[in-house]
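Student: Input: one structure, supplied below.
The values are calculated or read from the model by the stated rules, or taken from the named source; none is laboratory data. This is a predicted model, so every value here is computed, not measured. When we count neighbours, we look across all protein chains shown, and the Cβ atoms used for this are built from the backbone with ideal geometry, even at glycine. Only protein heavy atoms, including side chains, enter the accessible area calculation; ligands, DNA and RNA are left aside. Shrake-Rupley method; radii C 1.70, N 1.55, O 1.52, S 1.80 Å.
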Amino acid sequence: MENFIYNNPAVLHFGNNISGEIGQTVKKYGDKTLLVYGTGSVKKNGIYDIIVSELNKNSIEFVEYSGIKPNPVIEDVYKMIELGQKENVNSILAVGGGSVIDSSKVVSISLLEDLDPWMVVKGKLKPTVSLPLVTVLTLAATGTEMNAAAVVQNKKTGEKIGFVNPLSYPKHSFLNPEFTFSVPENYTAFGIVDQIAHALEAWFANGDSTLADRFIASIIIESMELAPKVFAEPRNYEYRSKIMLAATCALNGITSLGRKYSGDWGVHDIGHTLSFLYDTPHGASLSIAYPAWLKLQKSRIPDRIKKLGEFIFNEPDIEKFISKLEDFFHSVQSPIRLSEIQIEENELNNIEKLMNKNSVNGLVHKLGSNDYNELINLMK
Ligand code: NZQ
Ligand code: ZN
């Protein structure tokens, strides 16, 4: 087992009776907040009204920034910083999924010291303070509500990259599973794929931690068992709450206790390339990249892959395990090949070029430029 420090300061409020705590929590940080949300779902499903009523009830002034899109872009982060500085806000209230929360995280650690947020994302500038961030999660998937990571893309530099900074932890995150009832089928599926992918990334980090192995397998099995249930009954509280908890636990640090890194993250790096080039939803990029990566790695790390197959599907045969994983992704209508998302042969060169430019890689199981072509052939 590897040495480690575990300190997760995010306070989680979980349940269907927590909305009344949002206003008083934001109020702890001051009387004026920057309310951030996405492209409109919160207005349709009533969450916006609940939030505004909470803010009004607690006499909190707010300025709004909306329109954060899936696969969020750094341009919005610059504009949010400008607005937050001009309005002198005391906190950020992010209401949405990973895209809204991640953009708000970058704002939170750049605004007070007036740092260039892209330089912060790249790790070239080191923030020392953060503006308090409170989140209301509306989509179970990324785990961002209880971790210090954020992912944004920059069209100019050709990158979609993630970074981790302990100052990015939300102070409080509110998880009401009822807020996820309205998530459409496709994003419900992509969320489930994403949480499974986080558990898989953790499986392939180095360090022998059998307890972490068991946490990981439990999260994957729980997610796979719940998937058909939540599709059959999207407004079932028990199913939505169990999916939500599994998503949080898949990336809040418990799956990497006793390991050197939180995960390998090579598959995420491949996925980010697809999302950058084709705006592929994050989960969909991972259901395409994971089977290909496993096929590439099966002769390099057969024991680890075999053990995973045994844990999840009671399947010691590696080929059959990968095929069962593909079947699961297909069962939730998440693509497993580039052709399923209309990326054809003439595009493959562009994928390889961008992978080379950004040196797509994992932290543990290194990928060389020789591997890119093989991975793309396995994904096509
Ligand atoms: O734009 P809005 O109106 O918010 O609609 C969103 C969006 O269209 C919609 N949605 C969210 N909650 C809803 C809802 N629709 C109806 N009812 C609701 N309750 O769902 C769509 C997708 O939203 P998005 O926030 O993009 O999804 P997700 O939570 O999957 O976040 C994906 C982003 O997070 C990054 C990904 O790379 C991607 O950019 N990740 C962040 C991580 C982290 N910070 O730890 C780790 C992950 O690996 C991931 O990379
Ligand atoms: Zn992910």
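Student: Scan the range 81-97 residue by residue and report those that are farther than 15 Å from residue 117 by Cβ, open to solvent by 60 Å² or more (accessible area, probe 1.4 Å) and in a helix (DSSP H, G or I).
Tutor: 86
Student: Right, something else. Hey, could you check the range 119-140 for residues that are within 16 Å of ligand 2 (Cβ to nearest atom) and either open to solvent by 10 Å² or more (accessible area, probe 1.4 Å) or part of a helix (DSSP H, G or I) (or both) and say which is nearest to residue 75 (Cα to Cα)?
Tutor: Here the answer is 139.
Student: Inside the range 143-167, can you point out the residues that are crowded, with 16+ Cβ neighbours inside 10 Å, within 16 Å of ligand 2 (Cβ to nearest atom) and under 18 Å from residue 74 (Cβ atoms)?
Tutor: Matches in the range 143-167: 144, 149, 150, 151, 152, 153, 160, 161, 163.
Student: Just to be sure I understand the filter: pairs with C-beta atoms under 6 Å, separated by 6 or more residues or on different chains, first member in the range 275-294 and away from ligand 1 (no atom under 12 Å from the Cβ), second member open to solvent by 10 Å² or more (accessible area, probe 1.4 Å) and in a helix (DSSP H, G or I). Which pairs pass?
Tutor: Hits for this filter: 291/326; 292/378.
Student: Can you go through 178, 225, 233 and tell me which one is among the charged types (D, E, K, R) and out of contact with any helix residue (DSSP H, G or I) (no Cβ under 8 Å at 6 or more places or on another chain)?
Tutor: 225
Student: Go through the range 1-80 and tell me which strands (runs of 3 or more DSSP E), entirely inside it, have 3 or more residues that are touching a residue at least 12 places away in the same chain (Cβ under 8 Å) and not hydrophobic (A, V, I, L, M, F, W, C).
Tutor: Fully inside the range 1-80 and qualifying: 32-37, 61-65.
Student: Which condition number in (1) within 23 Å of the chain's Cα centre (by Cα); (2) among the charged types (D, E, K, R); (3) modelled with pLDDT under 95 is the one that residue 344 fails?
Tutor: (1) is the only condition that residue 344 fails.
Student: Hey, can you tell me all the residues within the range 55-86 that are within 16 Å of ligand 2 (Cβ to nearest atom) and either touching a Phe, Trp or Tyr at 6+ places or on another chain (Cβ under 9 Å) or β-branched (Val, Ile, Thr) (or both)?
Tutor: Of everything in the range 55-86, those that are within 16 Å of ligand 2 (Cβ to nearest atom) and either touching a Phe, Trp or Tyr at 6+ places or on another chain (Cβ under 9 Å) or β-branched (Val, Ile, Thr) (or both) turn out to be 70, 71.
Student: Before we move on, is residue 335 outside any helix (DSSP H, G or I) and either of a type in the set (Gly, Ala, Ser) or free of Cβ contacts under 8 Å to residues at least 12 places away in the same chain (or both)?
Tutor: Answer is no for this residue.
Student: Can we say residue 192 is more than 11 Å from ligand 1 (Cβ to nearest atom) and crowded, with 18+ Cβ neighbours inside 10 Å?
Tutor: Here the answer is no, as residue 192 does not meet what is asked.
Student: Can you name the condition, by its number, that residue 207 falls short on among (1) surrounded by 16 or more Cβ atoms within 10 Å (Cβ to Cβ); (2) away from ligand 1 (no atom under 15 Å from the Cβ); (3) in a helix (DSSP H, G or I)?
Tutor: Tallying (1) surrounded by 16 or more Cβ atoms within 10 Å (Cβ to Cβ); (2) away from ligand 1 (no atom under 15 Å from the Cβ); (3) in a helix (DSSP H, G or I), residue 207 fails exactly one: (3).
Student: One residue is enough: does the range 224-246 have a residue meeting the conditions among the aromatic types (Phe, Trp, Tyr), outside any loop (DSSP other than H, G, I, E, B) and buried (at least 19 other Cβ atoms within 10 Å of the Cβ)?
Tutor: Yes, the range 224-246 contains at least one residue that is among the aromatic types (Phe, Trp, Tyr), outside any loop (DSSP other than H, G, I, E, B) and buried (at least 19 other Cβ atoms within 10 Å of the Cβ).
Student: Turning to a different aspect of this structure: Before we move on, is residue 208 under 30 Å from residue 3 (Cβ atoms), at pLDDT below 95 and more than 16 Å from ligand 2 (Cβ to nearest atom)?
Tutor: yes
Student: Restrict the check to the range 275-291 and report whether at least one residue is open to solvent by 10 Å² or more (accessible area, probe 1.4 Å) and at pLDDT below 95.
Tutor: There is no residue in the range 275-291 that is open to solvent by 10 Å² or more (accessible area, probe 1.4 Å) and at pLDDT below 95.
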